[in-house]
Amino acid sequence: MDFIAAIPGMLTDKFGPMGPLYAVGVLGVLMIVLTLPSLLNKPVDPLDKLRREVRDQDTRPGKGKSQSQSLRPTSRADKLDRFSTFLEPQNEEDLSAAKLKLVRAGYRSKSAVRTFHFMQFTLGIVLLLVGLLYALLKSNGEEVSTANLIMSVIIPGGIGYYLPKYWVERRVQSRQEAITNGFPDSLDMMLVCVEAGQSLDQSIIRVAREMRASFPDLADEYEVVANEMKAGKDKVQVLKDMSERCGVTDIGSFVTVLIQSATFGTSIAEALRVFSAEMRDKRVMRAEEKANVLPTKLTLGTMMFTVPPLLIILIGPSVYAITNTLQNSNF
């Protein structure tokens, strides 16, 4: 421990007041240089190898197929593919959880997980360098303490690293709130479509089209459900996937009602009528709950911005008079 404590003094004696700062910069560059070879020497993925072989077979003379006509063409837009081992969790559970969180935030692309971790890495490095530059400019040639140097460099780097995570969390919350607010209206519209004689698939397509202007997030979910049903996926599994993607309790209950209605052979229109009425009542209860909480939230503001000025107006003259009386009595 004494040797570690003596390192800043040794660097200052050898390189001047900016010695510790130079050491931190050299250490950061060295870590980046040591990490790059492991990123660039990525092992060949067997699936990528298989895709290349299939593409080569399709592009051979006599096949009559080009790369653009292959069944699964490779995407050239994903520039982060070579860094996938570094930018994606290697554990299947962690990868699935990261994908689910990003899907709930509305990011459905194949490279969403890579982009998320790339933004974490990039913002962390950029803000760390910004903090280092700020410490250099703030020192102005004077000696900088090791504690201030660490605080100026580490705190911006930590903020840059956790900023994408905070953004995704806020995006998930706002998206779930928007889906919850628009869900009762979509149920009413779906009930009208079903009672008019349309099937459940057709009513979902109509609701997705009509809800696009007011609740685009909910319309996206209905559109995904409609496309999966058109593709021939099992209807029960499609509804369960929708519940998992949204992460909203009301949609989970709705999916359960539809599955039970299809299992027991009851009328879907009757189930939708009862459930939509329940969702309307629930929306009214949520509005009443917010209205009841409002006085409690206003209490703190009232105490902070109303009571102190009132006390100053009421007690101020008395305090002023008492102060003048004490001063005159002293003289």
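Gln260 satisfies every condition listed in (1) of a type outside the set (A, V, I, L, M, F, W, C); (2) closer than 30 Å to Met190 by Cα; (3) more than 40 Å from the chain's Cα centre (by Cα) except (3). Considered as a group, the residues in the range 69-108 that are of a type in the set (Gly, Ala, Ser), part of a loop (DSSP other than H, G, I, E, B) and modelled with pLDDT of 85 or more include one that is surrounded by the fewest Cβ atoms within 10 Å (Cβ to Cβ), and that residue is Gly106.
Taken together, Leu294, Leu314 contain a single residue that is over 39 Å from the mean Cα position of the chain (by Cα), outside any loop (DSSP other than H, G, I, E, B) and surrounded by fewer than 11 Cβ atoms within 10 Å (Cβ to Cβ), which is Leu314. On inspection, Ile179 does not qualify as modelled with pLDDT under 90 and either in a helix (DSSP H, G or I) or among the basic types (Lys, Arg) (or both).
For the criterion of being at pLDDT 85 or above, surrounded by fewer than 19 Cβ atoms within 10 Å (Cβ to Cβ) and part of a helix (DSSP H, G or I), Glu270 passes.
The values are calculated or read from the model by the stated rules, or taken from the named source; none is laboratory data. Bear in mind the structure is a predicted one, so any value in this text is a computation, not a measurement. Positions of Cβ are backbone-derived with ideal geometry, glycine not excepted, and every protein chain shown enters the neighbour counts.
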